[in-house]
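The values are calculated or read from the model by the stated rules, or taken from the named source; none is laboratory data. For clarity, every value in this text was computed on a predicted model and none was experimentally measured. Note that we place each Cβ from the backbone using ideal geometry, even for glycine, and neighbour counts take in every protein chain shown.
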């Protein structure tokens, strides 16, 4: 994020996927036939967002969280997770690099919303095995079921 100065600060960086996801407002929707009926998956009372008039699904933002694409995709292509504030999905995008540092792969180009502050602090889990089939995340205070029951469930029948 060289040469980026906003609000008098110059120590901006690309957010991790957990940091980027903290901006998500999941009570929104996309109407691809008429974006004036759409609400971006972002707290737009604080952050700007405009739908592309030709491609309403175009709203991808980079994160710094990387992975190696493999399997059915070309092996050893560097990818990065991103969030699409237009349609509300975490997705993966090719960065244009191979993990050996060479280039030549298509980089689709994504938007970028910079962040500042210490990296890897937000969203770092502090898991504790409580025994008895539960795990607590001391970072959030949430207690989790440790092992699923192995069955699928209809959500309307689940006790939520």
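Some notes on this structure:
- Matching residues in segment 128-157 - criterion: being assigned to a loop (DSSP other than H, G, I, E, B) and closer than 19 Å to residue 18 by Cα: 138, 139, 140, 141
- Among the criteria (1) closer than 26 Å to residue 10 by Cα; (2) modelled with pLDDT of 85 or more, the one residue 127 does not fulfil is (1).
- Of the residues making up segment 1-46, those that are under 16 Å from residue 117 (Cβ atoms), out of contact with any strand residue (DSSP E or B) (no Cβ under 7 Å at 6 or more places or on another chain) and touching a residue at least 12 places away in the same chain (Cβ under 8 Å) number 7.
- Residue within segment 22-40 that is part of a loop (DSSP other than H, G, I, E, B) and either at pLDDT below 85 or not assigned by TED's automatic domain parsing to the domain that holds residue 112 (or both) present: no
- Residues that are surrounded by 10 or more Cβ atoms within 10 Å (Cβ to Cβ), out of contact with any strand residue (DSSP E or B) (no Cβ under 6 Å at 6 or more places or on another chain) and within 16 Å of residue 123 (Cβ to Cβ), drawn from segment 139-156: 139, 140, 142
- Failed item in (1) modelled with pLDDT of 90 or more; (2) assigned by TED's automatic domain parsing to the domain that holds residue 66, with residue 100 passing the rest: (1)
- Flag if residue 153 is farther than 25 Å from residue 41 by Cβ and at pLDDT below 75: no
- Selected residue [more than 30 Å from residue 7 (Cα to Cα) and at pLDDT 90 or above] from 134, 74: 134
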